[in-house]
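To start, the structure itself, in structure tokens.
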Amino acid sequence: MLEPVSVGLKFAFLAVLYLFLLWVSRSALKDLRRDAFGGAPRAPVAAQDETGMHSAASLGALDGGAQVSPRLVVSSVPGLARGMSYDVAQGAVLGRGDVEIQLEDPFASSQHARLTRQGAILVIEDLGSTNGTYLNDELLRGPQPLHPGDRIRIGDSTFTYED
Amino acid sequence: MSARNRELFALIPASLLLTAGFAAVFIQRDELLSDLSLTYGLIFLALCLAAHLVLRMTLPDADPYLFALVAVLACFGLVVLYRLDEQLARDQAKWFVVGLLFFTATILALRHDHRVLERYRYVIALGGIVLLLLPRLGSPTNGAYLSFSLGPISFQPAELAKIAIVIFLASYLRDTRQVLVVGARRFAGITFPPLKHLGPLLAVWGTAMGLLFVIQDLGSSLMFFGGFLALVYVATNRISFVLIGLALFALGARVLYAIRPTIESRVDAWLHPFDPELYNQEIGGSYQVAQSIFTQADGGFFGQGFGQALIRLGNETPLLPAAHTDFIYAVITDELGLMGAVAVLLVYLLIIERGFKTAMLATDSFSKLLATGLTAVLALQVFVIVGGVTKLIPLTGVTLPFISYGGSSIVANFILLALLLLVSDRARREAVA
């Protein structure tokens with residue numbers, strides 16, 4: 001009779017299934033736990049904006065602000081905590097698209113403004129954005145060198161340049 | 001173990017399951033053990049391996065469990081369909097291959113950056129709505145306009161439309177989520193979105209209601225609107241928006257209940273499945289729901305075993321209608337019992353957990369919202385059909401993702417899986433770096 005084989009197969013099926021599920025959920029739990037406690041230390045407290053959804057994208061590029069290299073410090077940017085900074089020693093592009101400094105700002109263009117290194121100074125230029133870039137509350141026309149303390153505003157986002 | 005090696009390892013139990021399942025069905029049917037089951041298992045493994053290799057080459061960092069979990073669901077589907085009707089299982093296997101081709105095509109097309117989808121959001125949204133309205137040209141099945149026939153192929157456009165609509169909403173909310181919150185006003189303790197931006201939100205609500213009216217299917221509109229609310233909640237962190245949405249939906253559903261007889265009959269069948277009059281009613285009665293409950297009760301704790309569920313008596317009309325599509329969950333419960341049914345739900349639960357995990361890891365808002373939306377829609381689809389079959393909510397005909405028979409469902413869900421893996425690959429790579 002094949003009856004016992006059939007019953008055995010059913011239980012084998014269930015056993016394999018549950019072992020598989022156990023394995024996956026164990027790994028999944030481990031995954032969750034790693035995120036909850038420790039793991040890679042995340043630079044400044046995860047920023048929360050009005051919507052509670054912070055942009056971890058930018059966290060990767062951020063550092064604690066302890067260095068002395070040229071950097072952009074967040075004054076007020078939707079989605080980012082005040083005081084966080086971007087290292088811009090090598091230059092960077094700001095915008096809403098896939099660029100170095102991603103802005104979650106409805107008024108920013110996808111490639112909004114660019115910082116470029118020219119010898120010892122950093123130069124900012126607008127990349128033909130729709131709503132313009134403001135340097136110390138003046139609309140940027142053509143490339144301008146940056147000085148420590150300069151304020152850069154794009155849409156609702158404001159950064160301070162520090163050296 | 002690297003992500004892809006984990007995935008490879010996880011495919012082994014999936015193929016074992018398929019082999020054991022087929023072997024059990026063969027024994028039941030022919031009273032002889034055939035090595036054909038092993039062949040089927042190996043073919044299945046080969047197909048999964050092919051997809052695995054594509055993932056290995058294109059998305060090395062993508063979530064390791066998603067694909068394996070889906071393979072387990074597909075194996076459930078193939079075994080149960082084979083047990084119901086060999087021809088169905090053969091067709092399903094073909095659709096499985098087609099689904100994997102679409103899966104591969106989606107990954108190859110978007111592997112550099114899935115965010116190019118944002119550029120085409122309005123085209124995608126329009127496509128989604130057209131897809132939803134297509135079935136209206138045909139004739140209704142069981143009172144709902146769900147499928148559309150193009151020559152010999154009949155497909156359910158709602159399956160593809162759900163992906164299109166999620167892509168559109170994710171992209172739209174990425175742009176407006178800040179504005180929705182900043183301009184919000186509090187009134188009577190509830191936060192209302194600014195009037196200017198209420199328009200688009202009301203438009204989405206109107207679309208869901210319109211859909212309910214046009215295709216007369218509560219299940220799919222619940223799925224779409226639920227997905228939308230999940231996205232709004234994640235995008236704005238305002239529970240009040242969700243509550244307002246739910247209230248509006250309930251209101252709309254109540255009105256439609258009053259004016260549409262098909263919806264009314266569904267609700268009656270849900271409330272009183274064992275009422276003799278409703279049970280014996282030819283059209284729109286409660287026969288299906290009642291039989292589904294009997295079938296599940298028959299399963300007990302460990303089930304009757306593969307091939308043992310009583311689906312039809314002799315050659316008469318089937319006891320359990322639509323066993324291969326809507327009621328496949330009832331068949332699984334009958335043959336594998338509570339244990340099997342819970343396992344299926346656990347697989348879905350884990351897929352959803354991986355999906356939300358992907359959304360949490362994702363770095364930019366669009367990817368975050370896309371992963372959330374796709375996962376939410378999938379979860380709601382499982383809820384709508386399993387809830388309907390178990391008489392938790394009124395029954396509506398949506399498929400059980402990856403298990404039910406149906407080409408469009410398999411293809412659409414594989415595209416959904418491809419998108420999730422694309423988001424996951426980028427997110428996990430950035431998280432490690």
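Averaged across B:350-361, how many Cβ atoms of other chains sit within 10 Å of each residue's Cβ atom?
Numbers: counts 6, 1, 0, 6, 3, 0, 0, 4, 0, 0, 3, 3.
What the average comes to for B:350-361 is 2.
With a length cut of 24 Å (Cα positions projected on each helix's long axis) and a Kyte-Doolittle mean of at least 1.0, go through chain B and give me the DSSP H helices that pass.
Details: long enough: B:3-30 (41 Å, 0.73); B:36-58 (33 Å, 1.74); B:64-84 (32 Å, 2.10); B:86-110 (36 Å, 0.90); B:157-182 (37 Å, 1.07); B:195-215 (30 Å, 1.55); B:218-236 (26 Å, 1.72); B:239-259 (30 Å, 2.20); B:328-361 (39 Å, 1.50); B:365-389 (36 Å, 1.76); B:407-432 (37 Å, 1.06).
Qualifying helices: B:36-58, B:64-84, B:157-182, B:195-215, B:218-236, B:239-259, B:328-361, B:365-389, B:407-432.
Using helices alone, what [θ] at 222 nm do you get for chain B, with -39,500 (n - 2.57) per DSSP H run of 4 or more residues, divided over all residues and rounded to the nearest 500? Mind dumping the intermediate values first?
Working: 15 runs with 311 residues, N = 433.
Computed mean residue ellipticity for chain B: -25000 deg cm²/dmol.
What distance in nm lies between label points placed 7 Å from Cα along the C-beta direction at B:Gln281 and A:Gln111?
6.3
Other chains' Cβ within 10 Å of B:68-76 residues: what's the mean?
Working: counts 3, 3, 0, 0, 5, 0, 0, 2, 2.
Mean shielding count: 2.
Roughly how crowded by other chains is peptide B:10-20, in terms of the mean Cβ count from those chains within 10 Å of each of its Cβ atoms? Write out the running numbers ahead of the final one.
Working: counts 4, 0, 2, 7, 3, 0, 5, 6, 1, 3, 10.
If you average over the peptide's residues, the count of other-chain Cβ atoms is 4.
Each reported figure results from applying straightforward, stated rules to the coordinates on display, with no laboratory input. In this text, all values refer to a predicted model and were calculated from it rather than measured experimentally. Cβ coordinates were reconstructed from backbone atoms using ideal geometry, including for glycine residues, and neighbour counts include every protein chain displayed.
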